[in-house]
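What follows draws every value from the coordinates through simple rules; no lab data is involved. No experiment lies behind these values; they were computed from the predicted model shown. Please note: Cβ atoms are built from the backbone with ideal geometry, for glycine as well, and neighbour counts cover all protein chains shown.
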Amino acid sequence: MQTDLILQQPVTADGAELLLLFHGVGSSPEDLAPLGQALAAARPRAWVIGVRAPNHSDFGSGWQWFSVQGITELNRPERVAQALPAFFDRVEAWQRHTGVRPERTTLIGFSQGAIMSLESTQRAAPRVASRVVAIAGRFAQAPRRVPVDVAVHLLHGEQDRVMPIDTSVQAHRELNALGAASTLDRFPGLGHGVDSRVVEAILRDLAPDTSKRSP
């Protein structure tokens, strides 16, 4: 936890929530700091934490949850499965530290961080968060079960050349087929990144009634 980046600690524990940000492969918590700071300004009662992936990146700089060297549709699920215990440990460590329970926890992942956040919803029990915001992400494999009491929000740039938007479109379709609470926001002209429209969409997704809005 000492390697993570605390972007905001609320003044009071009353009504506190926990927003955990998970960066992409070859990146670091600092790269998502502008997003975290924008969320902190709008959510003064939130702990906002940038979580650093545990392993050095294969790219020579930054960090990763799992290697993408030689990644395929066949071997991705196993790599993610091997990384998930450490992911759950980090989330639960911050929940213990802050005293914030899963029902007040939101996971916000970008790219590889989005993959990890989405796959966390596939654990049968217990849930680790009530909301997952996946930016430019995908499931490691098609979702197998309904994320129980977890709202999933997918956000994706239509010009993403790293993680094509079809991955989020497919995830949204598969979640809906399972009967899960899922929304999808598309951003024309946006590549593999985050802009002000994404921030606005996340803040909307964090509103109390967003799990009820139309997909």
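Structural remarks
- Surrounding net charge for ILE71, when Lys and Arg each add one and Asp and Glu each subtract one, Cβ distance under 15 Å: -1
- Along each principal axis, Cα extent of region 1-69, largest first, Å: 44, 20, 15
- Extension reserve of the ASP166-ALA207 stretch, reckoned as 0.36 nm per residue once the Cα distance is removed: 12.1 nm
- As a proxy for reagent exposure, ranking ARG131, ARG96 by other Cβ atoms within 10 Å from fewest up yields ARG96, ARG131.
- The slack in the chain from ASP31 to GLU174, taken as 0.36 nm per residue of separation less the alpha-carbon distance, amounts to 48.5 nm.
- In this simple spin-label approximation, GLN2 and GLU200 carry label points 7 Å from Cα along the Cα→Cβ vector, and these lie 4.3 nm apart.
- Kirkwood hydrodynamic radius of the chain, Cα pairs, Å: 17.0 Å
- A crude spin-label estimate for the pair ALA13 and GLN69, with each label 7 Å from Cα along the Cβ direction, gives 4.5 nm.
- FRET efficiency, ARG45 to ASP149 (Cβ-Cβ, R0 22 Å, nearest 0.05): 0.55
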